[in-house]
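*Asks:* Below is a structure I'd like to ask you about.
The values are calculated or read from the model by the stated rules, or taken from the named source; none is laboratory data. This structure is a prediction, so every number in the text was calculated from the model and none was measured. Virtual Cβ from ideal backbone geometry, glycine too; neighbours counted across all protein chains shown. The protein model used for the area step is the full one, side chains on, heavy atoms only, and it has no ligands, DNA or RNA in it. Shrake-Rupley method; radii C 1.70, N 1.55, O 1.52, S 1.80 Å.
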Amino acid sequence: MTKNKQNLKILAKKTITLPLIPVREIVIFPSNNMPFIIGRKRSLNALAKSLASDKLIFVSTQKHANVDDPGNKDIYNVGVIGRIVSEMDMRSQMVKVIFEGIKVAKIITFDFAKDLTMVTVTPIKKPVARDKAYIDNISLLIKSQFKDYFKRHYNHVPDDLDLILSLEKDPTTICYRLAPALLVDTKEKQLILEMNNLKNMLDYIYQYLIKEAETYKIEKSTKEKIKNQIKRNQREYYLNEQMRAIQKELGGKDQKDEWQIFETKIRATGMPKAVLDVCLKELKKLKQIPALSSEANIVRSYLECLINLPWSHKTKDNFNLKDSQKILDEDHYSLTEVKERILDFIALALRTNKLKGPILCFTGPPGVGKTSLAKSISRALGRNFARMSLGGVKDEAEILGHRRTYIGALPGKIINAMKKAKSINPIILLDEIDKTSSTHISNPAASLLEVLDPEQNSSFVDHYLEVEYDLSNVMFICTSNNVQDIPYALRDRLEIISLTGYSETEKLKISKKHLLPKLINEAGLKKNQITISPLSIRKIIRNYTKEAGIRDLKRTLAKLIRKVNRQLLTNEEGEKKVSIKEKDLIIHLKGAKFRQHKIEKLHRVGIVNGLAWTTLGGEMLIIEALTTPGTGKLMLTGSLGDVMIESAKAALSFVRAHSGRFGIDDKIFTTKNIHLHAPEGAVPKDGPSAGVALATALVSVLTKIPIKNDLAMTGEITLRGRILPIGGLKEKLLAASRANIKKVIICKDNLIDLDDLEKDAKEDLKDIEIRAVSSLFDFIYEALLVAPQPISSSPSKVSVSPMDKEDSEQTIGKSDIETN
C-alpha cells in the first residue's frame, strides 16, 4: 500500500493523534503548499517524529507570536492536517520545510511530553452549501475581483493562481487557495479557516474584496489630489519667486516690505489691544499662505476691513446754539417745534459736554424733510454723516454682517456706514426703519435692538469682524412714515418727533426761498431770467401736486424751468426774460392733474362734508345717505374699512335711541332701508373720525332736513353721544380751507392742537370759523339747516345722565376761534 493511500485511510478516522507544530503570524489553509522555518526544540522533535513515520503532522497558529513555549491556551484549536513535502537544514539548528495542507481539523486533547507536543484531532468535514446557483455566481464574482486585486497589489497574477482562477470549479478549494493572498491580519484568516458554512466563507471574502477595491480608489484619488496640490504649490512658489525677482529688478517692494507696511498700518489705527492681537494673528497667518490662494484673499480682505475702520479718529463737536439755529433755519423753513426740540438736545450736550441721550426718530409723510433734517443736524454739530437705508431689508445679516465661513462674506450695513463716516462719532441715519420686513426665519428689526441701546452698543459685534466695536459715540437718527409699523421693543428705545405736512402757504414760501433759487441755478439761469408769480405757484400746489411734502412740487417746478429754459434758447426774438403767469401753466404743464373738491351749491338732504387724513395730507370725505323701502337694513358702500363700518353702526344705534329727540318716527326703522355711501369707491377708507359725519347724514336723511353745504366736521363718537378727539387735525383743516369751507366743527378736546399750528398754517385757516363742541347733539344741530322738532309723545329711549346732559348743553362762548 502506498503512503498516500495510507494517509487517506488515516484521515478517514474520527480522531487522529499527530505531532503538533505551532506557527507564528501565518495561517495555513488546505490545498496550499506553505514554506516556513522550524527552530524551536519541540517543533524540531515533532518534525523528526513525522518524518520517521508517515510524514503527517498537525499545524496550528499561535494566538500571540511573542510566546516561545506556547501552551494549550496559546494555540488556536482549529488547524490543518498536512504532510511535509520537503525539508532543508539551515544553520543554527533551523530547518526550512514545505508543508502541504490537506484537511482542516480541530484539537480535542493536548499531550505535552518532555520534548514533544502531541495532539488528538478530529477532521472537520468540508464546508458545503445548499444554494448551488448562488454559490456558483459568487464564485465567479470572487474570481473576477481577485484578478484586479492581484494586479493592484502584486502587479501580476501568479501562474498557479491564474490556473486556479481559470479552471478550478470547487468553491471551497477556491476559497482555501485565495485566502492566504488576502492582506488581512492573522485573526481574520483564522476566522475564514474556522468557517464551516461555505456561503458565509464566500460572502466574507467577496465583501472584503469589494471594500478593498473602494478603499483603493479613495486612496488613489487622494494621492492624485495631494500630488496635484504639491505640483500647484511648487508652481506657485516658483512663480512667486520669479515675481519677487522681477519686482526687485523694477525697483518694486519686496513682500517682506508689504507685510511691514501692513503691520505699520494696523498699529497706527489705534485699535484696542484685543483687536490688535487678532489682526497680528491674522497677519501672521497671511504670511504663511500662498499669495495666489483663495484663503489669502479672504484674510487680506478681512485685515483691510479692520484697517479702514475708524478706531480713534474723532471729530470736534460744535455745540454753538446760534450757529445750529442758523443752519437749521437755512436748510428748513418752518418746523419750529422740531427745531426747538433739536436745539434743546444740543443745549443739554453743551451743558454736560456729552452728546448722549435718547435716539431721535423723525416720523411723518414722505417729502416733509426727515432725511434732510438729519443732514442739517450733522452740519450743525460738525459731525460726519452716513446714511443707511433699511427699506426692504429682510435678512438680519445685512445689518450684522455674514460670517467669514461663507463665500463672499461682507460686513453689515452698520460697519460699512462707519467706514464711510471715517470717524468714531458720526451721525448715522437709519432711513425707513419702519420698512424692514420680518419673516419666520429672520427679524432685522430685532438685530437693531443692540445697535440702538446706549447700554449695549459699546461692545457691538459684527458677524464678519467677530471683534467688539464701540458705537457708543455714534448719534443715531431714525426716520419712518408710520411709527406704528416699528416693533414695540425697538420703538421703546426711540424719542418720536412727528413732522406734519406743509400748509399751502408754507409750500409757497419754501418754493420761493429754497426750491426755485436752487432749480434756477442748476438750470444755468440767472435769478432775473425767470419769475413765477405767487398765484402760479399756488395753482401748481393745488392742481398739479397732491402730497404732504414737497417732492412732487419740486419735480413740477423743475419741469417748468426746463420748459422755460428751452423757450429761452429757441426764442428767435432774443427774449432773455420770462415771466410765468397763472394762464401760462396750461402751455408748459398741460392740464391739471388733480381737481379740488367743490362743495355743493345747495344745501342737500343726506350729504355731509367729512374730513379725512391720508399720507398725502388732508382730504374731504363726502358721506351720502338715502332711504329706500325695505325692512330696516343698513347698507354700507364705498370701500369702507372695519373701523368705519363700526362707526356707522354706532351712529345708527345712537340715532335710533334718540329718535324722538330728533323728531323721527320709530316706524321708519322697520319700513325703510338706509344706505350710506362714500364716493370714490375705489379708494379704501377707514378710521373712526367719520363718526360725526355718519350720524349727521343719518339724522338728515331720516328727518328730510338739509345739511349746510359750507360746513365740514370731524370727530369720533361713542354710543352715549360723546365726541372723542382725532388725529391729523392740521391736515384736515387745510383740506377744508382748500375746498372753501366756511365752518368746521371739531371735538372740544382738539382745541389744544390749534395752539401747535405754525403761523403760516394759521394764515391759511384765517377764513374758516372753527367751532369746538363735546356732544354729538351739538354737532347735528349745528350742521342741519333747521333744528329738528322733538316728538313730545316719544321721548328718547336712552336716559341721559346728569353729566351727559351738562356736557351736551355746554357750548363755547365764541363760535369762531381766533387763528391770526
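*Asks:* Restricting region 494-507 to residues that are under 44 Å from the mean Cα position of the chain (by Cα) and assigned to a helix (DSSP H, G or I), which is surrounded by the most Cβ atoms within 10 Å (Cβ to Cβ)?
*Replies:* We begin by selecting, within region 494-507, every residue under 44 Å from the mean Cα position of the chain (by Cα); these are 494-504, 506-507.
Then keep just the ones that are assigned to a helix (DSSP H, G or I); that gives 504, 506-507.
Details: GLU504: 18, GLU506: 22, LYS507: 26.
Residue satisfying both the conditions and the ranking: LYS507.
*Asks:* Which fully enclosed helices (runs of 4 or more DSSP H) of region 679-755 have 3 or more residues being among the hydrophobic types (A, V, I, L, M, F, W, C), out of contact with any Lys or Arg (no Cβ under 8 Å at 6 or more places or on another chain) and surrounded by 24 or more Cβ atoms within 10 Å (Cβ to Cβ)? Before the answer, list the steps.
*Replies:* Working: elements: 691-703, 729-738, 751-755.
In region 679-755, 691-703, 729-738 are the helices (runs of 4 or more DSSP H) which contain 3 or more residues that are among the hydrophobic types (A, V, I, L, M, F, W, C), out of contact with any Lys or Arg (no Cβ under 8 Å at 6 or more places or on another chain) and surrounded by 24 or more Cβ atoms within 10 Å (Cβ to Cβ).
*Asks:* For the condition part of a loop (DSSP other than H, G, I, E, B) and farther than 30 Å from THR703 by Cβ, what is the one hit in LYS590, LYS598, LYS563? Even if it seems obvious, please write down each step before you answer.
*Replies:* Values: LYS598 fails: farther than 30 Å from THR703 by Cβ; LYS563 fails: part of a loop (DSSP other than H, G, I, E, B).
Of the residues listed, the single one that is part of a loop (DSSP other than H, G, I, E, B) and farther than 30 Å from THR703 by Cβ is LYS590.
*Asks:* Okay, next question. Could you run through region 261-303 and say how many residues are free of Cβ contacts under 8 Å to residues at least 60 places away in the same chain and of a type in the set (Phe, Trp, Tyr)?
*Replies:* Of the residues in region 261-303, the ones free of Cβ contacts under 8 Å to residues at least 60 places away in the same chain are 261-271, 273, 276-277, 279-297, 299-301, 303.
Add one more test, that the residue is of a type in the set (Phe, Trp, Tyr), and what stays is 262.
Of the residues in that region, 1 qualify.
*Asks:* If you take the residues of region 649-670 that are farther than 13 Å from VAL699 by Cβ and basic (Lys, Arg), which of them is most open to solvent (accessible area, probe 1.4 Å)?
*Replies:* Among residues in region 649-670 that are farther than 13 Å from VAL699 by Cβ and basic (Lys, Arg), the one most open to solvent (accessible area, probe 1.4 Å) is LYS667.
*Asks:* Check MET195, MET201 and return the single one that is closer than 17 Å to LEU140 by Cα, surrounded by 16 or more Cβ atoms within 10 Å (Cβ to Cβ) and touching a residue at least 24 places away in the same chain (Cβ under 8 Å).
*Replies:* Numbers: MET195 fails: closer than 17 Å to LEU140 by Cα.
Selected residue: MET201, the only one of MET195, MET201 that is closer than 17 Å to LEU140 by Cα, surrounded by 16 or more Cβ atoms within 10 Å (Cβ to Cβ) and touching a residue at least 24 places away in the same chain (Cβ under 8 Å).
*Asks:* If you don't mind, another one. In region 338-383, which residue that is open to solvent by 50 Å² or more (accessible area, probe 1.4 Å) and more than 28 Å from LYS730 (Cα to Cα) is farthest from the chain's Cα centre (by Cα)?
*Replies:* ARG351
*Asks:* Within region 401-419, which residues are over 20 Å from THR479 (Cα atoms), open to solvent by 10 Å² or more (accessible area, probe 1.4 Å) and not β-branched (Val, Ile, Thr)? Spell out the reasoning first.
*Replies:* Applying the first criterion (over 20 Å from THR479 (Cα atoms)) to region 401-419 yields 401-411, 419.
If we keep only those that are open to solvent by 10 Å² or more (accessible area, probe 1.4 Å) as well, we get 402-411, 419.
Result: HIS402, ARG403, ARG404, TYR406, GLY408, ALA409, LEU410, PRO411, LYS419.
*Asks:* Something else: Within region 792-805, can one find any residue that is acidic (Asp, Glu), modelled with pLDDT under 80, under 17 Å from VAL692 (Cβ atoms) and assigned to a helix (DSSP H, G or I)?
*Replies:* Of all residues in region 792-805, those acidic (Asp, Glu) come to 804.
Among the residues that remain, those that are also modelled with pLDDT under 80 are: 804.
Keeping just the survivors that are under 17 Å from VAL692 (Cβ atoms) gives 804.
This time we only want the ones that are assigned to a helix (DSSP H, G or I), so: 804.
Yes, region 792-805 contains a residue that is acidic (Asp, Glu), modelled with pLDDT under 80, under 17 Å from VAL692 (Cβ atoms) and assigned to a helix (DSSP H, G or I).
*Asks:* Just give me the residues in region 424-469 being farther than 30 Å from LYS273 by Cβ, in a strand (DSSP E or B) and acidic (Asp, Glu), in sequence order.
*Replies:* ASP431
*Asks:* Further, regarding this structure: Output the residues belonging to region 306-330 that are surrounded by fewer than 18 Cβ atoms within 10 Å (Cβ to Cβ) and assigned to a helix (DSSP H, G or I).
*Replies:* If the condition is that a residue be surrounded by fewer than 18 Cβ atoms within 10 Å (Cβ to Cβ) and assigned to a helix (DSSP H, G or I), then ILE307, ASN308, LEU321, LYS322, ASP323, GLN325, LYS326, ASP329, GLU330 are the ones that fit.
*Asks:* Kindly provide the set of residues from region 189-235 that are within 28 Å of VAL104 (Cα to Cα) and among the polar types (S, T, N, Q), ordered by number. Working first, answer last.
*Replies:* Keep residues of region 189-235 that are within 28 Å of VAL104 (Cα to Cα), which gives 189-212.
Correct list: GLN190, ASN196, ASN197, ASN200, GLN207.
*Asks:* Further question on the same structure: Here is a check on your reading of the model: is LEU303 assigned to a helix (DSSP H, G or I) and within 34 Å of the chain's Cα centre (by Cα)?
*Replies:* yes
*Asks:* Quick check on region 550-588: of everything there that is over 18 Å from THR531 (Cβ atoms), out of contact with any helix residue (DSSP H, G or I) (no Cβ under 9 Å at 6 or more places or on another chain) and touching a residue at least 12 places away in the same chain (Cβ under 8 Å), which residue is most open to solvent (accessible area, probe 1.4 Å)?
*Replies:* Taking the candidates together, the pick is ARG551.
*Asks:* Among all residue pairs at least 6 apart or on different chains, which show Cβ distances below 9 Å where the first residue, located in region 376-399, is farther than 30 Å from SER438 by Cα and the second is surrounded by fewer than 18 Cβ atoms within 10 Å (Cβ to Cβ) and basic (Lys, Arg)?
*Replies:* ALA380/LYS326; GLY382/LYS316; ASN384/LYS420; ASN384/LYS422
*Asks:* When you scan region 167-250 for helices (runs of 4 or more DSSP H) that lie fully inside it, which ones turn up with 3 or more residues that are in contact with a helix residue (DSSP H, G or I) (Cβ under 7 Å, 6 or more places away or on another chain)?
*Replies:* Details: elements: 171-178, 186-194, 198-249.
Hits in region 167-250: 171-178, 198-249.
*Asks:* Six or more apart or on different chains, Cβ atoms under 7 Å: show the pairs whose first residue is in region 527-540 and closer than 19 Å to ARG595 by Cα and free of Cβ contacts under 8 Å to residues at least 60 places away in the same chain and whose second is charged (D, E, K, R) and not in a helix (DSSP H, G or I).
*Replies:* Here the result reads SER536/LYS581, each pair linking region 527-540 to a residue that is charged (D, E, K, R) and not in a helix (DSSP H, G or I).
*Asks:* Are any residues in region 596-617 open to solvent by 70 Å² or more (accessible area, probe 1.4 Å) and more than 16 Å from ILE741 (Cβ to Cβ), and if so, which ones?
*Replies:* Residues satisfying the conditions are THR615, LEU616.
*Asks:* I'm told THR628 meets every condition in (1) part of a strand (DSSP E or B); (2) open to solvent by less than 10 Å² (accessible area, probe 1.4 Å); (3) out of contact with any Leu (no Cβ under 6 Å at 6 or more places or on another chain) except one. Can you identify the failing condition by its number?
*Replies:* Going through (1) part of a strand (DSSP E or B); (2) open to solvent by less than 10 Å² (accessible area, probe 1.4 Å); (3) out of contact with any Leu (no Cβ under 6 Å at 6 or more places or on another chain) one by one, THR628 breaks only (2).
*Asks:* Only residues that are open to solvent by less than 10 Å² (accessible area, probe 1.4 Å) and in a loop (DSSP other than H, G, I, E, B): list them for region 29-41, please. Steps first, answer last, please.
*Replies:* The first filter runs over region 29-41 and keeps only residues open to solvent by less than 10 Å² (accessible area, probe 1.4 Å), leaving 29-30, 38.
Matches in region 29-41: PHE29, PRO30.
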